[in-house]
Every structure is written in structure tokens, then in C-alpha cells.
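S.K.: Here it is: the structure, laid out below.
The values are calculated or read from the model by the stated rules, or taken from the named source; none is laboratory data. From a predicted model like this one, the values you see are computed outputs, not experimental measurements. Note that we place each Cβ from the backbone using ideal geometry, even for glycine, and neighbour counts take in every protein chain shown. Note: areas computed on protein heavy atoms with side chains; ligands, DNA, RNA excluded. Shrake-Rupley method; radii C 1.70, N 1.55, O 1.52, S 1.80 Å.
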Amino acid sequence: MTFRNKLSIRANLTLLAAVCLTPAMIGAAGLLAYHYQRQRAQLVSDTVNDVHALKSSLNTELAAAQNTLEVLATSPSLKNQDFSAFHAQAALALGYSAINNIALIAPGGQQMVNTAIPFGQPLPKTGVAAMADRIFATRQPEVSGLISGALLKQPVVSVAVPVRSGQSVTYVLSGVVLPTNFQKVISNANLPSDRIVVIFDKGGMVAGRSHEPERFLSKSVAPGLAERLKLVNDGVFEVVSLEGIPVLSIFSRSQTTGWGAAIGIPTEVLTADLRRSMWYLAIAAVLLLGLGFGMAWLMGGRISNAIHKLIQPALELSQGKAVSVSGMGFKEAVALGKAIEQSSEVLATTSNALKTSESRLRSILQSATDAIITVDDQQQVVLFNASACNMFGCTAEEALGRPITDFIPQRFHQQHFAYLEENRAPAEGPEVFGVTGASTGLRSSGGEFPLEISYSNVLAPDGVFHTFIVRDITKRLQSLKALEQSNLDLQQFAYVASHDLKTPLRSISGFVQILERNYADKLDEKALSLIQRTAQAASRLEQLTENMLSFARLSSDPQPLEPVNTFEVVQEVIHLLDAVIQSTGATVTTGDLPTVVADRSQLVQLFLNLVGNGLKYCKGHAPLVHVSAEMKGNEWIFSIVDNGIGIEEKHHQKIFEIFKRLHSQSEYPGTGIGLAMCRRIVERHGGKISVQSTFGHGSTFIVSLPTKLGALL
Ligand code: ADP
């Protein structure tokens, strides 16, 4: 029994619910994950756009400052070296740009004008001398990183452009942009408040920040970002922000200024949706599973209740009781209950019929005049009927379970088992029925008796059973013996009588002949006729005794068997019948005739009778007799065919009985012993004799003799 089979219906249904719901859950989780990935990708893509927008706002801011300075650089005041006018002009321009103050720097770094200081007051050397020198050399505008403003005492950005005069650079015009401008760029971007937005300079310093700008201004960006910025200008990666929040950072920097922006989406924010959905899913899963398990529990309970209700009726059914089933919870159980009820009804009817048939069978068995004994394959008695009890002198209780050999004398045990083995039905073959045989039984008292057995064996579902129908043949054997004795006596008597009658009969014939010969002239006609009739009767009596003697001799005087050439036998017979053949003008022919093992003199008698009858029972034409033989199986079939008067079918059996004749003595003389003798001879040789004939159209006598030697006479 497997583990699964041991689970209750409830457990099985719960398992089923779990198995059905789990794939749905897994599918939903998969969908969520897919959805999350898409959402995240969308967010990243949106943020990349935001970063680019931020970067371009930043660039615009710086470019605007640069444009203002470049316009101022072309001022005629500078050509005329009218610095006072330029101071006023520059101060005016501040109002239209994001620049905080503008300085004009002469080669060597001396400030000529600074809008942060009233014109005419002495000015220090510029704080961006190195950048100014580069611009004098390269003649290209430049944006500094975040530097420490010498005048403003705070981090600032310097945007500087060359003031050209022909091919040479005469001054450098520098404008200071304060980080507050970057804060504005950040706030103008209108990004969600949870995003950590950073604007960084070309050196990777924080120039603006959405969260705690004061704290992190001019500090290096988060270490992870700083490293990336050394390698690439754009990217998306996970990093920990300066304040220690894990974020997904999306950054981009300008190739020209080296300035850029980064937006950090806190991982918390990124996964918040997913976590929320997962929670919903988990709650839905718990609810669904709970619902599924609850339903499984309820339904399982109903099914199991119904099954439990059916157990008792099923048990009662097995005990053959009348069953009634009610209160089933569902359709199938009701149907099953009905089926059980119907089965119980059928069972009741069948069992009644079975009981009736069983009691009928039992009474047949018990009332049988033959003993019926059945044994199992271990040869132990399982059935012993009343006649068996009478025959063997014990009760059925005493006999049951005992070995069958208890009822057979010891010296026949071997023979019994050999007999069973010989008649054993093949494993898958037909059962054996009605094999008869003779044996000897052993009564409980120890006495033995002859018996005749009819044996059969049957292959029942619970094994092979052997049944012996036994008949006590003590009385039959006694009668048979008595009959045989009386037959012997009769034969002896017939033999003695016919033998002893021969001499007086011959004397009677002789005396009658003398009487006729010597006293014919002294006797009248009537006396002579009487003498003649006496002579005829004596001669017939003589023939009768002769035939009876021959018949009696068949049993009392058996001769040894020897190979006999039947052709020679028939030739001898033809010779013996020569006178008749001549007088009737008959023809006797033969086919090929075999040599058989037989008593020669008896074969001569056989053919003499059959051929003789063929010649005798013929009327109106010359007799024709043909003797032939053919081999069929292991027999020689002799046919003696004549063209005589034929025999009506109703007499075909009768004519083989002794003294049975179909004609009067005057019609066809005879004794009625010939065919009886033929039958006796043929049977003593293990053969058979019969006749085929159509009345008026001749007869065919058929004699079959076994070709094999043995079991004869
Ligand atoms: P029987 O001495 O009368 O010939 P059988 O025993 O030989 O005695 O024959 C019995 C009877 O069978 C005969 O009386 C005869 O009627 C009939 N029978 C025997 N052989 C033939 C035959 N070949 N054709 C016709 N009838 C026959």
C-alpha cells in the first residue's frame, strides 16, 4: 500500500486544492515579477530622461552666464578702456542673468573691474588666475569647477570668456555663479520629493542637491558615483547615497563642461510597489488556499460521511443480510447505496436458489445408490455420501479428512496412484470424466470387496478434486461366476449329449436302413413312408448333433493360434463344397487374402458356413460368391458377397443367434447353428461379424479380425 492510498479523502482533496492553486499562485507571482521589471525599466527610462533634462537645464544656466559675458566682452567700453562705463554696463547686465558679480581680469591676474566692489576702489588679484591664464593662452571660454569665492567667502562657480582685440586676448571676463542657481534648476525640475537629485561639477563635487544641500555642498559625490564618473559619462547603477540610503542612481554629465546631474531613486521607493503587490498576492493566496482547503474539508467530510455510512451495509451485504441504505449526502453515494440494496436483493434471491439447488444436490448425493467419494489433491476425503458410509462401514464424520488410501488395501495403493497419474487432467486441458475401472475396497472392519469405479477430476478455483463413484460388485461377480459355471456345465452337457447321441443315432439310422433294405417287400406303403421319414429325421438329428458338437467344441477344445493363410483356407472350403458347387453350377471367387493369426480349423468352419450359406440361400439362378479382404486401421475386413435371396433388415441381428432360422426345413434345410458358430469364432478371435443386405438382392457378410496378435481366445 502506498503512502497516498493511506491518506483520507479530506487530505486528498486538500492536496488537490493545493495542487490546483499553487500553479495559479506561481503564475501570479511570475506576472508580478514581470510587471515589476517593466515598471522598474519604465522608471529608469523616465529618470534617464529626467537626468538629461536636468543636465540640459544646468547647461542652459551655465551657457546663459557665458552668453552674457560674451556679449559684455564685445563692449566698446573695453576697447576704449573706459572701465568705469564698463563697470556700470556690467552691473546692469547682472540684472538679466544668473551671474552674481562680474570681474575683468588683466593678463597677470590683476582685477580691473569687479561689480561686487564699487568702481575706483583698489581690487585684489583674481582668485581664478590659473583659469584666466589658460584663457589668455587658449582664447577659449571656460567654466570652472566649484571653487571657494575669495570675495564671497562661499563656494562659487566661475564662468570666464576671453575679451578679444583682433587676434589677441586683452582681458578675461569672469562671472561668478552661485550654487543657489543650481538649487533652482533642481527645484524647477519638479521631481518627486523622494528622489535624491545631485548636480555635480567637473571634479565630481556636489554643486546642488535636493536633500540637505548645505550639508553636502562642495563635498565629493557618493564614492561609488565618483568612481563611475571617472570611467563613463552616463550610467545606471546601485549605490549608497551620501546620507547612507541605498539608491538606484541614474547619472549623466556634459562632455563639454564636465558638469552633470544624478538622480537617485531610493531602493525602498523602487520596490515599494512590488512589495505592496506581493503583500496583496500573499493575502489573496492565503485567502484562496483557506477557501480551497475549507471547501476540501467540507466536501471531503461529506464524501467520507457517505462512505462511512456505506461500510455497514456493505458488511451486512457480505453476511447475506437484507440491506437498506439511506441519508446519503450526494448523488453518486445515493446511486451506490441503491446498487448495494439491489445487490442485496439479488444476493438474497441467488442465495435462496443456491440453497435450494444445494439441498437438491445434497439429497441426490445422499440418495445415490452408488458410493460417491471426493478427495482433494492431497488425497484427503472431502465428500463421503450415505452409500459410501454403508459400503465402507463408517460414518461421514469418520471418513472426512482421512486419506483415501484408508479405504484401499495396502497392496493396491501403488496401483491407485498410478491410475490417478495416468488419468490426471493436463494443467490447462479438459477435466477428466467417467474413466471406469475395477479395484478392491477396504471396509472399516478390514474386509475387502471388489468394486467398480467411475473416476472424474475437476479443476475447481480452490484446486483439483477427484471424485470416485464406487459400486460394490461382489454380487455381480458372484452371479457372473455362477453364470460362467452354468455355461460351462451347459457346454459340457451339450458336448456330452451331442457326443453321446451320435452313436445311438447312427445305430437308429443303420437299423432303419436295414429295415428298409430287408423288409421293403413285406411292408405296405404307409410303413415304408414312415420308415423313410424316420430315416430322414434320424439323419437330420445326426446333422444337428454334429453341428452342436462342433459348436460346443469351440469352447471346450481351443487350439493354439498360428499364422493362417486365409487364401488357402478359402481354397480348402471351395474344395469341401465342390459337390454343391458342381450341382448348382455356382462360382466362388476370391480376391487377395491375407495371412492372419488364428485357429486354423475354426477359420475353415467360419468360411465353410459363410460360403456354404451363400451357395445355399440362392434361388432361380446359379449362385455367385466372392471372398475378399482389405486392411482398415489395425483390422482385416473380410467380405463374403453372394447374389442370393438376401435378408430383410429386421433379421440382420437375429440370424446370428443360435437355432434362429428364417426358412422352413423343406424350403432350405439347416440347423440354425452356422451363423451362431461364426459369431462365436469371430468373437473368440477379437473380431466382429455383421451382415449388409437388401432383401432379394444378395447379402454381404462382413468379418473383421484384428491384425495384431494377442488377447485372443
Ligand atoms: P442354417 O443352418 O439355417 O443355414 P445359419 O445359422 O447358417 O443356419 O443361418 C441362419 C439363417 O440365416 C438361415 O436360416 C437363413 O435364413 C439366413 N441366412 C444365412 N445365410 C444367408 C445368406 N447368405 N443369404 C440369405 N439368408 C441367409
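S.K.: For the subset of region 617-636 comprising residues that are buried (at least 20 other Cβ atoms within 10 Å of the Cβ) and without any contact (Cβ under 8 Å) to a residue 60 or more places away in the chain, which member is nearest to residue 566 (Cα to Cα)?
M.R.: That would be 627.
S.K.: Within the set of pairs 6+ apart or on separate chains, which have a first residue in region 370-388 that is on the phi > 0 side of the Ramachandran plot, a second that is part of a strand (DSSP E or B) and open to solvent by 20 Å² or more (accessible area, probe 1.4 Å), and C-beta atoms under 9 Å apart?
M.R.: Short answer, once both residue conditions are applied: 379/403.
S.K.: Continuing with the same structure: Take residue 614 and tell me if it is within 16 Å of the ligand (Cβ to nearest atom), buried (at least 22 other Cβ atoms within 10 Å of the Cβ) and of a type in the set (Gly, Ala, Ser).
M.R.: Details: within 16 Å of the ligand (Cβ to nearest atom): yes; buried (at least 22 other Cβ atoms within 10 Å of the Cβ): yes; of a type in the set (Gly, Ala, Ser): yes.
So residue 614 passes the test.
S.K.: Answer with yes or no whether residue 249 is assigned to a strand (DSSP E or B) and either surrounded by 16 or more Cβ atoms within 10 Å (Cβ to Cβ) or modelled with pLDDT of 95 or more (or both). Don't jump to the end; show me each part of the working.
M.R.: Values: assigned to a strand (DSSP E or B): yes; either surrounded by 16 or more Cβ atoms within 10 Å (Cβ to Cβ) or modelled with pLDDT of 95 or more (or both): yes.
So residue 249 fits the description; yes.
S.K.: For region 682-696, name all the residues that are modelled with pLDDT under 95 and more than 16 Å from residue 596 (Cβ to Cβ).
M.R.: Residues satisfying the conditions are 694, 695, 696.
S.K.: Would region 518-540 turn up any residue that is in contact with a Ser or Thr (Cβ under 6 Å, 6 or more places away or on another chain), assigned to a helix (DSSP H, G or I) and of a type in the set (S, T, N, Q)? Explain how you work it out, then say what you get.
M.R.: Taking region 518-540 as the starting set, the residues that turn out to be in contact with a Ser or Thr (Cβ under 6 Å, 6 or more places away or on another chain) are 538.
From what's left, assigned to a helix (DSSP H, G or I): 538.
Restricting the remaining residues to those that are of a type in the set (S, T, N, Q) gives none.
No, every residue in region 518-540 fails to be in contact with a Ser or Thr (Cβ under 6 Å, 6 or more places away or on another chain), assigned to a helix (DSSP H, G or I) and of a type in the set (S, T, N, Q).
S.K.: Looking at (1) closer than 23 Å to residue 604 by Cα; (2) within 13 Å of the ligand (Cβ to nearest atom); (3) open to solvent by 20 Å² or more (accessible area, probe 1.4 Å); (4) not acidic (Asp, Glu), which is the one condition that is false for residue 708?
M.R.: (2)
S.K.: Looking only at residues that are outside any strand (DSSP E or B) and in contact with a helix residue (DSSP H, G or I) (Cβ under 9 Å, 6 or more places away or on another chain) in region 688-705, which one is nearest to the ligand (Cβ to nearest atom)? Give the derivation first.
M.R.: Quick first cut of region 688-705, residues outside any strand (DSSP E or B) only: 694-698.
Still in the running and in contact with a helix residue (DSSP H, G or I) (Cβ under 9 Å, 6 or more places away or on another chain): 694-695, 698.
Numbers: 694: 11, 695: 9, 698: 8 Å.
Among residues in region 688-705 that are outside any strand (DSSP E or B) and in contact with a helix residue (DSSP H, G or I) (Cβ under 9 Å, 6 or more places away or on another chain), the one nearest to the ligand (Cβ to nearest atom) is 698.
S.K.: Determine if region 386-403 includes at least one residue that is among the β-branched types (Val, Ile, Thr) and closer than 14 Å to residue 465 by Cα.
M.R.: First, pick out the residues of region 386-403 that are among the β-branched types (Val, Ile, Thr): 395.
Still in the running and closer than 14 Å to residue 465 by Cα: none.
No, there is no match, as no residue in region 386-403 is among the β-branched types (Val, Ile, Thr) and closer than 14 Å to residue 465 by Cα.
S.K.: When the residues of region 637-654 are filtered to those that are of a type outside the set (D, E, K, R) and open to solvent by 50 Å² or more (accessible area, probe 1.4 Å), which remaining residue is nearest to the ligand (Cβ to nearest atom)? First the steps, then the outcome.
M.R.: Initial filter on region 637-654 (of a type outside the set (D, E, K, R)): 637-641, 643-647, 651-653.
If we keep only those that are open to solvent by 50 Å² or more (accessible area, probe 1.4 Å) too, we end up with 641, 653.
Values: 641: 9, 653: 11 Å.
Here the answer is 641.
S.K.: Can you tell me which residue is surrounded by the fewest Cβ atoms within 10 Å (Cβ to Cβ) among those in region 655-667 that are of a type outside the set (D, E, K, R) and either free of Cβ contacts under 8 Å to residues at least 12 places away in the same chain or within 6 Å of the ligand (Cβ to nearest atom) (or both)? Walk me through how you get there before you give the answer.
M.R.: Of all residues in region 655-667, those of a type outside the set (D, E, K, R) come to 655-656, 658-659, 662-666.
Right, trim to either free of Cβ contacts under 8 Å to residues at least 12 places away in the same chain or within 6 Å of the ligand (Cβ to nearest atom) (or both) and you get 655, 662-664, 666.
Values: 655: 21, 662: 15, 663: 13, 664: 9, 666: 6.
Applying the filter and picking the extreme gives 666.
S.K.: Considering only residues that are touching a residue at least 12 places away in the same chain (Cβ under 8 Å) and surrounded by fewer than 21 Cβ atoms within 10 Å (Cβ to Cβ), look in region 674-686 and name the one that is nearest to the ligand (Cβ to nearest atom).
M.R.: For region 674-686, the residue satisfying everything is 676.
S.K.: Test each condition in (1) among the aromatic types (Phe, Trp, Tyr); (2) within 13 Å of the ligand (Cβ to nearest atom); (3) out of contact with any helix residue (DSSP H, G or I) (no Cβ under 9 Å at 6 or more places or on another chain) for residue 567 and report the one that comes out false.
M.R.: (2)
S.K.: Please give the strands (runs of 3 or more DSSP E) falling wholly within region 102-205 in which 3 or more residues are in contact with a strand residue (DSSP E or B) (Cβ under 7 Å, 6 or more places away or on another chain) and either buried (at least 24 other Cβ atoms within 10 Å of the Cβ) or among the hydrophobic types (A, V, I, L, M, F, W, C) (or both).
M.R.: Values: elements: 111-114, 142-148, 155-165, 168-177, 196-200.
Result: 142-148, 155-165, 168-177, 196-200.
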